[in-house]
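Each reported figure results from applying straightforward, stated rules to the coordinates on display, with no laboratory input. None of the values given here were measured: they were computed from a predicted structure. Because the Cβ atoms are built from the backbone with ideal geometry, glycine has one as well, and the counts that use them run over all protein chains shown.
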Amino acid sequence: MSGRADKVPDLRGYTTVLRAYGVTDKGRVRPINEDCWAFDEARGLCVVADGMGGHKAGEVAARMAVDTVVGSLATGTAGDQSWPFGFDPSLSEAGNRLRTAIHLAHMHILEIAVTSDEYSGMGTTIVAAIVEGRRLSVGHVGDSRLYMLANDRIRQLTHDDSWMASMLADDPAADVARLERHPMRNALTNVVGARRRTNVHVVEEVLGGGELLLLSTDGVHGVLDDDRIEQLMLDSGDLRGTATHLVAAALARGSHDNCTALVARYLPD
């Protein structure tokens, strides 16, 4: 299906100013850093990926995903009129371009994965946010997250594609403590690459101004609860300090994973 749905308001007439700062650390356990992030200020685009796979395959998958999303949105290949992965009329054009870009990343990783045994089965999570005018569009796959701080409260806009999250979705009354002890609790049910199909989730919101966004990998939010993340975002005075303190807090809490925090603020002109 192609075209643009009339029910999606056009907010592109607003000037967007997005500032961001990212910090990544391989942590104290992993030998390499398989996280990757990027910020394209000209397009109001933030991307974070957390790779997986043997040897350095996870690092390759994460870098490919980030580069493909940034590159395709920069050149316009994610938004040509053919819409090779379909057009969702409930989303804005920007949301559909972002969805398409992540699908392209998935296809590129699958293509490279068959060229070498060391890349076989590689994949990555991804969370990407683009702001056009006042509209925030967020695309995500896996368990990397986006939080938004507004009116001194944080809210998670993404949902995890994990075994534990799927169990809770099926049974909200399930014993969380028991699920957290299950060996499959962090197993991913949906990734970019690794499997033939992926499901790209997109959520959109209209921004008012001054919102603080956090894109993070599970090395950060896997050890810091929402209250701690909220407090760190409230206490830090600038973007660099916020990202630095979030990663430092995760490492101090004993994170065994790579840690990445990309913090952005929306400032309407």
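Details
- Residues of the range 136-152 falling in the label zone of Ala74, defined by backbone nitrogen less than 12 Å from a point 7 Å along Cα to beta-carbon, are absent.
- Contour excess over end-to-end distance, with Cα ends at Val17 and Arg228 and 0.36 nm allotted per residue: 73.2 nm
- Rounded Å value of the spacing that divides the Cα centres of the range 208-269 and the range 192-206: 23
- Pair Met107, Arg155: separation of 7 Å Cα→Cβ label points (nm): 3.4
- For the range 18-266, the fraction of C-alpha pairs farther apart than 30 angstrom is 22 percent.
- 19 Å cut-off, amide nitrogen to a point 7 angstrom out along Ser120 Cα→Cβ, residues in the range 194-229: 194-197
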